[in-house]
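Presented below is the structure to which this report refers.
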Amino acid sequence: MSIETFRDQTRQILENLLTETPKADRAELLEAYTEVITRLHAVESHQLLNEVLDDARTRLDARLSPDPVRQTLAGVQTTIQDIWNSLWK
């Protein structure tokens, strides 16, 4: 998932809302599109969580590996990610 993908999908949903027939009940439209955006958010956040868990599982497997090369690579990867995260905070 990326912010751009979520933004584009949300924009499309809202564009559909704005182009709906003017005769439609506004409250019903808002409720329907709120549900659609909520489902989209749930799907995207679930996908993101799965990516994070897969990454964590891979790192843990590498750290617990008897191979010293994999352990070193996992340590370097964690250090780089820590630096990256500290830059964004």
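If you split all Cα-Cα distances of the chain into 5 Å bins from zero, what percentages do you get per bin, shortest first? Going out from 0 Å in 5 Å bins, the chain shows 3, 12, 14, 14, 12, 10, 9, 7, 7, 5, 4, 2, 1, 0 percent.
Across the stretch 37-49, coupling constants 3J(HN,Hα) worked out from phi with the 6.51/-1.76/1.60 Karplus curve, θ = phi - 60°, read 5, 5, 5, 4, 4, 4, 5, 5, 5, 5, 5, 4, 4 Hz, and Gly and Pro carry x. Positive end of the dipole of the chain (Cβ unit charges, origin at the Cα centre): among 43, 71, 22, the Cα lying farthest that way belongs to 71.
Give the residue list of trypsin sites (Lys or Arg not before Pro) in the stretch 9-76 that are DSSP loop and have at most 16 other beta-carbon atoms within 10 angstrom.
Numbers: sites: 11, 23, 26, 39, 57, 59, 63, 70; in loops: 23.
In loop regions of the stretch 9-76 (DSSP not H, G, I, E or B), the sparsely surrounded trypsin sites (Lys or Arg not before Pro) are 23.
Under a Cβ-only charge scheme (Lys and Arg +1, Asp and Glu -1), can you give me the dipole magnitude of the stretch 14-89 about the Cα centre, in debye to the nearest 20?
Working: 8 positive and 13 negative charges, 82 e Å.
Dipole of the stretch 14-89, to the nearest 20 debye: 400 debye.
Over the chain, dividing the summed -39,500 (n - 2.57) contributions of all DSSP H runs of at least 4 residues by the number of residues returns a 222 nm mean residue ellipticity of -31000 deg cm²/dmol.
Bear in mind that the values in this text are calculations on the coordinates, not laboratory data. Just so it is clear, the model here is predicted, and its values are computed rather than measured. Counting neighbours? That spans all protein chains shown, and the Cβs are built from the backbone with ideal geometry, glycine included.
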